[in-house]
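Have a look at the structure below before the remarks.
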Amino acid sequence: MNERLNILIAEDESKTLEDLEYHVKRIGTENKDDTKFFLAKTIDEAFNVIKRNRIDAIFLDYRFGDESKGDRATYYASRLISKLSNFIQHEIYVVLISGYDDESKFNSLRQSIRDLGFRYEYQKKPISVGEITSVYSNIVDSLLPERPLPSFLAVHDAQFKNASLAEKLFGAKDFIEAVVKYASIILAADLSRNKVGTIEDKWNVNTSYTFGGWLRLLKTLSKHEKLADKDCFMPELDSFLHEKLDFSSSKEFNDGEYQDLSTLLKTGGFGSSSYPNSVEVVEFIEKIKLIRDKLLGHSPTTPDPSSRERIFCGIEPLFDQFQKCIRFLSKYPLLVINELEIDFEKTIKGEENYESRRDWYTYNVGVLMGSSASPSVKRSFYSQERLTRGNLYLSNGSGKFLCLYPFMVYEGSRSSVSNKEIFCFDNVEGGKASYRAPSGNFLLKDIEDLKRSFSEVVIKT
């Protein structure tokens, strides 16, 4: 699954707007990139696009004239930049375009953009085809490869990368299991957010959720009819499970008593008659679970290091493709709410009718992306959504948030209260909900919040 890039071109001159759109689209098509384009001729149009869509890069004119209001109505890019942090918590690339020769005129605006944690580049009009090509390459090169995964996954990814070849089989299995947990939690939180109604079968919180338990849950939740609605928070999850992995280049492993597992990587082992040399992501995960059950988790004997190396080499091409498939998760920043307060001035200014007033809140958040347990970036933004201090949220980049509590929490462990980590629900112990972090630390919490949230999730078996 190639990551989609959403690019906004905001320019009031029709000819410049058309040229930019034509050439950027052409370059994206030639590169076979998954790109979507949005056009705006005024600051207000650009702002409306940003409010409704996740934007990754902006070609932004410095000066806008509003013809409908006469030549005196002039707006500047700074008006849009000042509002970006209200809706964008992820990194974006801002290409400022202007007819001025002297870029130093924009020092203050450039610093404002960088203070928000965004990338910045300047181009003088008219922009040549070569310059457009260079800018597009800079956008792709800077955003896609460097987007960190959410911390919960990035920690497992780092553990895999740092493992010796003999231990990479364990690391790959742990990383895949973490993805299954994370995806299941997002779906459960989304269904809970949508309050799907009558309960048919609750998520059994009294069950210890092993790899197999989480995988069954993921497959069940992904089939829920609510996912067909446009209100689904992360629509990529549905197509992710059915992405095709090409295993025609995968290596066969034949190693004594493990020879029977070589069939897992052959056409007869999995794959369909329609796609004889490919396998869906969900089927690949099932085969990793089988390897785990037969060799790593439930087997009385674990393969020796050289055997583990050969087994990993057999699945490595598929695992590499799997890692690329989950890169879309890096587009949804994982946030912890540190501080919030009502912005009375913004609230009163925005609402004349007191009875129908919706409060505005100022939030200070930590961005939990990358392998560090501490927030990688701190941001501030305004929103009319009421978020809870201390809880974990996903942002979709257009002003909407998904609460992951109580499925996932950000707290200190029993052994170290001050050092906070991301904990995922694990099982129930003595009437308490047990949570576990990638580090192996665990904590116990009251189970009632968990039961209330789980009870809102319809699971059709």
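Fully extended, how many nm does the chain gain between residue 340 and residue 137 (0.36 nm per residue separation, minus their Cα-Cα distance)?
Taking 0.36 nm per residue and subtracting the Cα distance, the gain is 69.3 nm.
Return the FRET efficiency for the residue pair residue 167, residue 101: r is the Cβ-Cβ distance, R0 is 56 Å, and the value is rounded to the nearest 0.05.
0.45
What shape does the stretch 1-60 have by the C-alpha gyration tensor, where a ≥ b ≥ c are the square roots of the eigenvalues, rounded means a/c under 1.5, and otherwise prolate means a/b greater than b/c and oblate the rest?
Note, shape of the stretch 1-60 comes out oblate.
Between residue 194 and residue 441, with labels modelled 7 Å along Cα→Cβ, what's the label distance in nm to one decimal, could you check?
Distance between the two pseudo-spin positions: 3.5 nm.
Rounded to the nearest 0.05, what FRET efficiency do residue 22 and residue 304 give with R0 = 41 Å and r taken as the Cβ-Cβ distance? Could you check?
After rounding, the FRET efficiency stands at 0.10.
If packing is taken as the mean number of other Cβ atoms within 10 Å per residue, what is the order of 87-95, 42-50, highest first?
By packing density, highest mean first, the sequence is 87-95, 42-50.
Using the per-residue mean of other Cβ atoms lying within 10 Å as a proxy for protection, in what order, highest first, do the peptides 378-387, 150-159, 175-184 fall?
Going by the mean number of other Cβ atoms within 10 Å, highest first, we get 175-184, 150-159, 378-387.
How much length, in nm to one decimal, is gained on full extension between residue 238 and residue 4, taken as 0.36 nm per residue of separation minus their Cα-Cα distance?
Full extension from residue 238 to residue 4 adds 82.7 nm.
So for 36, 173, fewest C-beta neighbours within 10 Å to most, what's the order?
36, 173
What FRET efficiency would be calculated for the residue pair residue 400, residue 29, taking the C-beta separation as r and a Förster radius of 35 Å, to the nearest 0.05?
0.70
What does the charge dipole of the stretch 81-167 about its Cα centre add up to, to the nearest 20 debye, if the Cβ of each Lys and Arg holds +1 and the Cβ of each Asp and Glu holds -1? The partial results should precede the final answer.
Working: 9 positive and 11 negative charges, 56 e Å.
In debye, rounded to 20, the stretch 81-167 gives about 260.
Could you tally the net charge around residue 424, taking each other residue with its Cβ under 11 Å from the Cβ of residue 424, Lys/Arg +1 and Asp/Glu -1?
-1
If you look for lysine pairs in the stretch 43-190 that are eight or more places apart or on different chains, how many of them have Cα atoms under 26 Å apart?
So the count of such lysine pairs works out to 13.
Provide 371, 128 in ascending order of the number of other Cβ atoms located within 10 Å of each residue's Cβ, fewest first.
128, 371
Between residue 358 and residue 376, what length in nm is gained on full extension when 0.36 nm per residue of separation is reduced by their alpha carbon distance?
3.4 nm
Values quoted throughout were computed directly from the atomic coordinates according to the rules given, and no laboratory measurement underlies them. Everything numeric in this text was worked out from a predicted model, so none of it was measured. Here Cβ is always computed from backbone atoms with ideal geometry, including for glycine, and neighbour counts include all displayed protein chains.
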